[in-house]
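Readers should treat all values here as calculations from the given coordinates under stated rules, not as data from a laboratory. Keep in mind the model is a prediction, meaning the values are calculated, not measured. Virtual Cβ from ideal backbone geometry, glycine too; neighbours counted across all protein chains shown.
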Amino acid sequence: MVSACSTFCRALLIASLLIAGAQAQKGGGGGGAGGARPGSIPRNTPPPSSNPNLSPDTTSRPVFVSGRVVLEGGGRLPEPVAIEKICNGTTAGTTTQREGYTDFKGEFQFQEGNNFGFQDASENNPQLMPGSPTSSSSQGGLRGLSARANCEYRAVLAGFQSTVVAVRDLGEEFQIELGTIVLKRMGDVKGLTVSATTAAAPKDAHHAYEKACKALAENKSEEEQKQLEKAVRLYPAFATAWSMLGDLEQKQNHAEEAKQAYMRATSADPQYVNPLFGLTTIAVNEKNWADVAKFSAQAASLNAYAFPMVYWYNAVANFNLNQFDPAETSARKFKSMDREHRHPEVNLLLGNVLLHRQDYAGAAQLIHEYLTLVPNAPHAEELQAQAKSLEDQSVAKKQ
């Protein structure tokens with residue numbers, strides 16, 4: 001069984017390192033599957049002539065998108081919210097592209113396809129997984145009306161479900177007004193991705209926080225840190241600012257400082273899920289599987305919808321800790337939530353769990369499922385051979 005497992009385990013290790021590496025690149029815990037990093041407000045849209053990728057023909061003229069996002073039942077958005085575009089029927093299949101962010105009032109306007117690096121690892125970017133059938137467009141978004149095919153827009157905030165606005169044939173229109181997108185809280189949960197301390201922050205502290213968000217958008221790390229430190233000095237219970245400071249420290253590879261900031265955030269607001277996700281990603285990067293299991297379990301117990309990636313991390317951690325029952329539970333939960341199959345490597349982890357139980361047929365089936373989703377995966381031929389070997393062992397076991 002050891003020799004038969006070699007390629008299988010190696011493929012799982014490669015997948016796990018890709019995920020951990022993605023989080024190391026992000027350097028923060030404020031995002032997640034379907035989660036926008038707090039304070040990531042949009043840059044000013046450059047004039048169309050400044051974009052060398054736009055073709056001069058009319059079908060590639062820039063399209064400008066505007067609208068607003070509100071919370072169901074009213075209330076002010078606690079932070080800028082991401083706007084994503086999902087298109088079907090393109091040559092790449094289904095594409096998902098983060099286009100921009102709202103401001104603190106929930107209003108947004110941006111040039112379509114001109115996202116300039118808004119995509120980050122917290123979005124579970126499928127480009128991080130080679131061979132994914134749902135990879136985002138590598139052209140920086142769908143540019144021009146000729147590239148659009150049955151697209152819709154949605155807002156993205158961890159723990160919330162968004163209404164969608166469909167955009168199809170626009171004719172000669174180059175200004176899209178989406179109207180109002182509504183965010184509704186998902187499920188009856190204890191934990192929140194919006195800290196109550198934000199609304200309670202004094203005016204001066206909140207003003208410093210908004211300045212930090214602006215500095216973040218402009219990649220001014222020193223100013224961002226200065227304003228965040230001012231915000232938490234003025235209001236030590238400012239959980240959102242502490243969590244954002246943790247993101248910044250982690251981005252700068254200051255793991256200990258990031259941990260301290262995240263812990264201050266959880267202390268200020270025990271129901272705030274975001275810093276728990278940040279603590280989880282630090283533990284992943286350090287391969288501290290005990291802490292990964294602990295923090296990911298805490299985040300999941302507070303809010304099962306906020307950061308689906310915590311289930312993947314929890315599964316990997318428990319697998320490495322030889323806790324196969326919780327590993328399987330978390331992996332199956334993650335698989336059920338990953339409806340777009342952005343992380344097909346979950347099949348390899350589940351297959352390894354079944355292999356430890358000598359369920360050779362089940363393990364082989366999961367390898368086949370993985371290869372169906374990622375036909376050009378590294379070591380695909382070896383994995384095919386492995387699946388055949390496991391099927392043979394299953395037959396021999398029954399005899």
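Taking label points 7 Å from Cα along the Cα-to-Cβ direction, Arg233 and Lys388 give a separation of 6.8 nm. Of all lysines in the structure, the ones whose alpha carbon falls short of 16 Å from that of Lys211, not counting any fewer than 8 places away in one chain, are Lys105, Lys203, Lys220, Lys226, Lys230. Distant-in-sequence amide contacts of Val167, defined by a placed amide H-H separation under 5 Å and a gap of 5 or more residues or a different chain, comprise Cys151, Glu152, Tyr153.
The simple spin-label model puts a point 7 Å past each Cα toward its Cβ; for Asn322 and Asn253 those points are separated by 3.4 nm. By the beta-carbon count within 10 Å of each Cβ, the least crowded to most crowded order of Phe307, Phe108, Phe160, fewest first, is Phe160, Phe108, Phe307. The simple Förster model, with R0 at 45 Å and r as the Cβ-Cβ distance, assigns Ala380 and Ile86 a FRET efficiency of 0.95. Using the Cβ-Cβ distance between Ala361 and Asn150 with R0 set to 51 Å, the FRET efficiency from 1/(1 + (r/R0)^6) comes to roughly 0.80. Subtracting the Cα-Cα distance of Val182 and Lys226 from their residue separation scaled by 0.36 nm leaves 12.5 nm. If you add up the charges near Ile282, with Lys and Arg at +1 and Asp and Glu at -1, over every other residue whose beta carbon is less than 10 angstrom from its beta carbon, what do you get? Local net charge: -3. For Lys398, go through the aspartates and glutamates and keep the ones whose alpha-carbon is under 20 Å away, minus same-chain ones fewer than eight residues off. Partners within reach: Asp359. Counting charges near Ala361 (Lys, Arg +1; Asp, Glu -1) among other residues having Cβ under 10 Å from its Cβ returns a value of 0.
Ellipsoid semi-axes for segment 287-399, based on the Cα gyration tensor and the rule √(5λ), read 27, 16, 11 Å when sorted largest first.
Here the residues Leu228, Leu279, ranked from fewest to most Cβ neighbours within 10 Å of their Cβ, fall in the order Leu279, Leu228.
Remark: Trp242, Trp289 ranked as Trp289, Trp242, counting other beta-carbon atoms within 10 Å and listing the fewest first.
As an equivalent ellipsoid, segment 211-297 spans semi-axes of 22, 15, 9 angstrom, where each value is the square root of five times an eigenvalue of the C-alpha gyration tensor, largest first.
For Gly100, the residues whose amide H sits under 5 Å from its own are Ile83, ignoring neighbours fewer than 5 places away on the same chain, with H placed 1.01 Å from N. Taking a Cβ cut-off of under 11 Å around Ser394, the surrounding Lys, Arg, Asp and Glu residues balance to a net charge of 0, with basic ones at +1 and acidic ones at -1.
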